[in-house]
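Derivation of every value follows stated rules applied to the coordinates shown; laboratory data play no part. These figures come from a predicted structure and were not determined experimentally. Cβ placement follows ideal geometry from the backbone for every residue including glycine, while neighbour counts extend to all protein chains displayed.
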Amino acid sequence: MEGLVQRLCADDGALPGAERAQARTYPAQATYQGSSQEAEVQHPPVISRYLDQAFGWAASHGFDDIVDPLEQIKAQIPWTPGYSDPELGEAFAENFAYAEIVGPGGLLRTNDYSAGLTLFAPGTLYEWHNHPAVELYLVLCQGSTWALHQPPFEAKAPGEVVLHPSNAEHAMTSGDQPFLAPWLWLGDVQSAAQFTRDEKGIRSI
């Protein structure tokens, strides 16, 4: 994950200089407590359906330096399916998963930062949500769109880094192919994401 952290922090426009410099030191400073997931884990259906496709596309479009190491630990990646919130519905739970590979509950444990992957099916909306952690995403798919605070959604090209400031509401969609993006959390990595609600429930587009 060290190479991924460095790549996420390489974009001069994503983080202020001081925060970027600090984030680049995290892999070396982190005190790993050992693996929390040594055996092969059970993967959600969306992973079985789309992970190989997403990895294959990313590797063939110049991201093999990221995908190849992930392929080596693919069977152990601790994917979490969907969210438990009933308002999101069964379709979202079946078509979305995320994995914390490094972090407080990750495959490698540290409280200094958190890093992992998000994957969801084509034609899926990841509803408006927020979290205290500053978040960086590296886009590894074609056709995804992103919104910060409010619409419109903006298309992001593969290789772009997307920044979500602390507690900023944001949402993402996938296009005709699976959404795949590694992420890095900085700051408060203990507090979970919360979906944004209004008088009608979870905020949608």
Inset, instruction - Place a label point 7 angstrom from the Cα of GLN190 along the Cα-to-Cβ direction, then list the residues of region 103-140 whose backbone nitrogen is under 11 Å away. - result: 111
Legend entry - Within region 65-161: Cβ-based charge dipole about Cα centre, in debye rounded to nearest 20 (Lys, Arg +1; Asp, Glu -1): 140 debye
Inset, instruction - Can you work out the PRE-style zone for ARG197? Point 7 Å along Cα to Cβ, and I want the residues of region 47-88 with backbone N under 12 Å. - result: 85-88
Legend entry - Derived scalar couplings ³J(HN,Hα) [region 177-188; Karplus, 6.51 cos²θ - 1.76 cosθ + 1.60; whole Hz; x for Gly, Pro]: 10, x, 7, 9, 8, x, 9, 9, 10, 10, x, 7
Inset, instruction - Kindly give Rg over Rh for region 130-205, based on alpha-carbon atoms, with the Kirkwood expression for the hydrodynamic radius. - result: 0.97
Inset, instruction - Would you please give the FRET efficiency between GLU154 and GLN76, computed as 1/(1 + (r/R0)^6) with r the Cβ-Cβ distance and R0 = 45 Å, to the nearest 0.05? - result: 0.85
